[in-house]
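Data block below; observations after.
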Amino acid sequence: MVKTAFRKALTEEGVGAKTAVGYGLFDLPKGEMAKTVREAAEKKDLVNSTSDNSTESFSTPPTPLPEPKKAPEPEIWEKVILSYAPNTQTISASKEGKTATTKNEKNKEKNIVPEPLLEKMMKKKKTVTVTLKAELIGGNAYRITEIKE
């Protein structure tokens with residue numbers, strides 16, 4: 001009974017974060033899955049046997065997994081002020097109660113902040129007004145994915 005509960009929890013409910021989008025679900029080995037399905041069906045009297053008992057069919061199909069949720073489209077934020085926090089190496093912007101951030105990458109190829117803006121923010125310690133693209137990561141938190149002057 002406990003094994004059945006664990007099987008159901010792992011294969012149908014999932015464990016850990018993001019189970020709502022399909023992560024954390026486990027598959028049972030093929031023989032184990034057939035055994036589990038057969039046991040569950042027998043307990044619920046869902047097994048219909050033919051006259052020679054050579055095949056079994058079930059009156060209810062298995063429940064399909066939910067479709068993973070798609071990430072929302074990135075938002076375009078126009079005329080927002082970027083600021084730089086040197087202690088955390090974080091660049092941030094706010095708009096209508098939402099906050100978007102990105103880390104300043106020392107590797108220039110990975111850095112999404114244009115060099116003139118980065119110099120103005122880091123060396124001259126000034127804020128800059130930009131247009132940016134932000135993707136939702138949860139709640140009111142966003143990640144900056146692109147910055148344009």
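Just one residue in the set THR36, THR55, THR60, THR90 is of a type outside the set (Lys, Arg), within 27 Å of the chain's Cα centre (by Cα) and either at pLDDT 65 or above or closer than 25 Å to THR11 by Cβ (or both); that residue is THR90.
Determine whether GLU75 is modelled with pLDDT of 75 or more and either surrounded by 13 or more Cβ atoms within 10 Å (Cβ to Cβ) or touching a Ser or Thr at 6+ places or on another chain (Cβ under 6 Å) (or both).
Considered against the rule, which asks whether it is modelled with pLDDT of 75 or more and either surrounded by 13 or more Cβ atoms within 10 Å (Cβ to Cβ) or touching a Ser or Thr at 6+ places or on another chain (Cβ under 6 Å) (or both), GLU75 comes out as yes.
Filtering the stretch 76-97 to residues that are over 15 Å from LYS123 (Cα atoms) and β-branched (Val, Ile, Thr) leaves ILE76, VAL80, ILE81, THR88. I'd like the full set of residues that are modelled with pLDDT of 90 or more and hydrophobic (A, V, I, L, M, F, W, C), limited to the stretch 93-115. Passing the criteria: ALA93, ALA100.
The values are calculated or read from the model by the stated rules, or taken from the named source; none is laboratory data. Computed from a prediction, not measured in an experiment: that's the story for all the values here. We place every Cβ from the backbone using ideal geometry, glycine too, and count neighbours over all the protein chains shown.
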